[in-house]
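Asks: A single structure is presented below for examination.
The values are calculated or read from the model by the stated rules, or taken from the named source; none is laboratory data. This is a predicted model, so every value here is computed, not measured. Ideal geometry is used to build each Cβ from the backbone, glycine not excepted, and the neighbour counts take in all protein chains shown.
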Amino acid sequence: MNALNRKPGVTRSDTDGGARPDRDADVIVVGAGPTGLLLAGDLAEAGLAVTLLERRDGTTSNLSRALAVHARSLEQLDARGLADELIAGGHRLPGFQVFGKAMLPASRLPTRFPFVLITPQYEVERLLLRRARQAGVTFRHGAEVLGLDQDADGVTVHFRTTGEAVEEPAEGVGSLRTGYVVGTDGARSAVREAVGLPFPGKAVIRSVVLADVRLASPPDSPFMINAAPDAFALIGSFGDGWYRVIGWNRRAQADDDAPADLDEVREVTRLAFGTDYGMQDARWISRFRSDERQAPAYRVGRVFLAGDAAHIHSPAGGQGMNVGLQDAANLSWKLAAVVKGHSPDHLLDSYQDERHPVGTAVLRSSGAIIRLALVHSTPGRALRALGVQLLTHLRPLSQRAMGRVSGIDVAYPAERGAHRLAGRRAPDVRLADGGRLYALLRQGKFVLITPEGEPPEGMSTAPAPDRVVTATWESGRRTALLVRPDGYVAWATDATAPAERAAALRTALAHWTGSESESGSTSVVPAPAAARPLRPSEEI
């Protein structure tokens, strides 16, 4: 029975095989952007009853600020069977050209997707929305969250509906009871406000203009960033004749709500690039300011934040939507494991431990790019020029920069004494049956990769088939590897003694998948408090 056919107030419980009459949903997600849609779809595919509340009325827009999908996000979409369709309608870039000459190349990234995909955010949302609907997510559009109350057993969400909700027409004030709430409702998050979390930070730049235009004389590069003493601009091609232009002019600062026009966009482009490339036919022009803010906590009891509700930063590097998608991928399998009774609640604390440092790092990296673009003094511009030279001529430096921007280099902390691969991103390795890892991850389960003939005979605990998929290396590698549903290594061992390997695997399965060990106890490996960058020499 999917979520659309459940009776109001009744959800399935995987822990006792019965219903929970005191809850309307296992999880309520607030906000139907890319982060919320991916999260809700994951949870529903895992068998949870999920309701998604969205303040907007349900109509779709062909306008959006995000346009870059990076390699790690494409890997996450591949693990959900969506990447190839998204790529087919997008435009591949070999990397980013920054400040005139420096190139951040994506072509050397160790991934199936060694490029930056330029595609509108609404195309990402379209695929994720379709998946969420097919999985049985219940949508309530026109639902504005007013507040929430949480206790030891759940959360009550209060909301006001305006207009007609898509699945269940209703008007007025209502409430829903749930086990957990995730706020993916953007920079002005009502969920964040409801739990009393601050959003410290500041505006980095104001009066940034954004437009989608056509260019009579397009540039040679499909994506460029450049800066002049008093301006900077970004130009990116959608691949269909339309270009996204984002620009800032130190000498033309207006209020956030002041209208922008095409002449203003032309002027800032000429200042930054020396030409406006024959700019014409704007289909969208807006003005915004760029803030750097991050919530101090991503979890308050049974309430979580993800995406722009948790962190916002400058558009430099095109990382915003991507970081939110990866927040959702990190949180979804953990919520599903806890709600279904496979893992204890403290597994959810690792979401903060793993993703908060990533958000901080993105604020710093995108902030560094924007501050370089804003440099006004002669010494500062000379320093920027030196940096461009270094990026241009030192390949390891440019590769490292692109690895961080793309998300490929993100690694999570591992317990002291863990295998060197623990916490690392797992690449899309080939398997003995001709398949590949990320195709198996589409089942939403852990993947155990072992040498031929393993798991070792004599194990008293076999992997639970509803939680773990088993596979064999294509090569003769002897490492045993347990990969989390979000594509990161949970555990690995190089032990060769059969008894030692069997014991280590039993412990790992108990810790990570909730299978009972010989002692009958279950636990989850706790994560330390800081992420570490991936070292190229540590590639799997």
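Asks: Could you pull out the residue among Ser217, Ser189, Ser207 that is of a type in the set (Ser, Thr, Tyr) and under 30 Å from Ile87 (Cα atoms)?
Replies: Values: Ser189 fails: under 30 Å from Ile87 (Cα atoms); Ser207 fails: under 30 Å from Ile87 (Cα atoms).
After applying the criteria, what remains is Ser217.
Asks: Would you point out the residue of segment 205-232, among those that are at pLDDT 90 or above and among the small types (Gly, Ala, Ser), that is surrounded by the most Cβ atoms within 10 Å (Cβ to Cβ)?
Replies: Among them, the one singled out is Ala211.
Asks: Please count how many residues of segment 197-221 are over 24 Å from the mean Cα position of the chain (by Cα) and either in a loop (DSSP other than H, G, I, E, B) or free of Cβ contacts under 8 Å to residues at least 12 places away in the same chain (or both).
Replies: Counting residues in segment 197-221 that are over 24 Å from the mean Cα position of the chain (by Cα) and either in a loop (DSSP other than H, G, I, E, B) or free of Cβ contacts under 8 Å to residues at least 12 places away in the same chain (or both) gives 6.
Asks: So which of Pro396, Pro413 ends up being over 28 Å from Gly476 (Cβ atoms), touching an Asp or Glu at 6+ places or on another chain (Cβ under 8 Å) and at pLDDT 70 or above?
Replies: Numbers: Pro396 fails: touching an Asp or Glu at 6+ places or on another chain (Cβ under 8 Å).
Checking each option against the conditions leaves just Pro413.
Asks: Need pairs with beta-carbon distance below 8 Å; first residue assigned by TED's automatic domain parsing to the domain that holds Arg206 and modelled with pLDDT under 90 and within segment 276-296, second among the β-branched types (Val, Ile, Thr) and assigned to a loop (DSSP other than H, G, I, E, B); sequence gap 6+ or separate chains.
Replies: Once the first residue is assigned by TED's automatic domain parsing to the domain that holds Arg206 and modelled with pLDDT under 90 and sits in segment 276-296, no partner that is among the β-branched types (Val, Ile, Thr) and assigned to a loop (DSSP other than H, G, I, E, B) comes close enough.
Asks: So, one more: Which one is surrounded by the most Cβ atoms within 10 Å (Cβ to Cβ) among residues in segment 255-267 that are of a type in the set (A, V, I, L, M, F, W, C) and outside any loop (DSSP other than H, G, I, E, B)?
Replies: Only one residue tops the list, namely Val265.
Asks: A further question on this structure: Could you tell me whether Leu82 is within 18 Å of the chain's Cα centre (by Cα), over 30 Å from His342 (Cα atoms) and modelled with pLDDT of 95 or more?
Replies: So Leu82 does not fit the description; no.
Asks: Run down Arg420, Arg430, Arg436 and say which single residue is of a type in the set (D, E, K, R), within 27 Å of Gly324 (Cβ to Cβ) and over 16 Å from the mean Cα position of the chain (by Cα).
Replies: Numbers: Arg420 fails: within 27 Å of Gly324 (Cβ to Cβ); Arg430 fails: within 27 Å of Gly324 (Cβ to Cβ).
Of Arg420, Arg430, Arg436, the one residue that is of a type in the set (D, E, K, R), within 27 Å of Gly324 (Cβ to Cβ) and over 16 Å from the mean Cα position of the chain (by Cα) is Arg436.
Asks: Further, regarding this structure: Would a scan of segment 235-254 turn up a residue that is modelled with pLDDT under 95, part of a helix (DSSP H, G or I) and buried (at least 21 other Cβ atoms within 10 Å of the Cβ)?
Replies: Looking through segment 235-254, none of the residues is modelled with pLDDT under 95, part of a helix (DSSP H, G or I) and buried (at least 21 other Cβ atoms within 10 Å of the Cβ).
Asks: All but one of (1) more than 25 Å from the chain's Cα centre (by Cα); (2) at pLDDT 95 or above hold for Glu457, so report the exception by its number.
Replies: Looking at each condition in turn, Glu457 falls short on (2).
Asks: Select from segment 113-133 the residues that are touching a residue at least 12 places away in the same chain (Cβ under 8 Å) and farther than 19 Å from Asp185 by Cβ and list them in ascending order.
Replies: Phe113, Pro114, Phe115, Val116, Leu117, Ile118, Thr119, Pro120, Glu123, Arg126, Leu127, Arg131
Asks: Okay, next question. Restricting to segment 147-165, name every residue that is modelled with pLDDT of 50 or more and closer than 20 Å to Asp57 by Cα. It would help to see each step written out before you state the result.
Replies: Filtering segment 147-165 down to residues modelled with pLDDT of 50 or more leaves 147-164.
Across segment 147-165, the qualifying residues are Gly147, Val157, His158, Phe159, Arg160, Thr161, Thr162, Gly163, Glu164.
Asks: Considering each residue of segment 166-204, count those that are surrounded by fewer than 19 Cβ atoms within 10 Å (Cβ to Cβ), under 12 Å from Leu53 (Cβ atoms) and at pLDDT 90 or above, and give that number.
Replies: So the count comes out to 2.
Asks: Within segment 112-141, which residues are within 20 Å of Pro34 (Cβ to Cβ) and part of a loop (DSSP other than H, G, I, E, B)?
Replies: Phe113, Phe115, Thr119, Pro120, Gly136, Val137
Asks: Failed condition for Ala49, given (1) surrounded by fewer than 16 Cβ atoms within 10 Å (Cβ to Cβ); (2) modelled with pLDDT of 95 or more; (3) among the hydrophobic types (A, V, I, L, M, F, W, C), with all others met?
Replies: (1)
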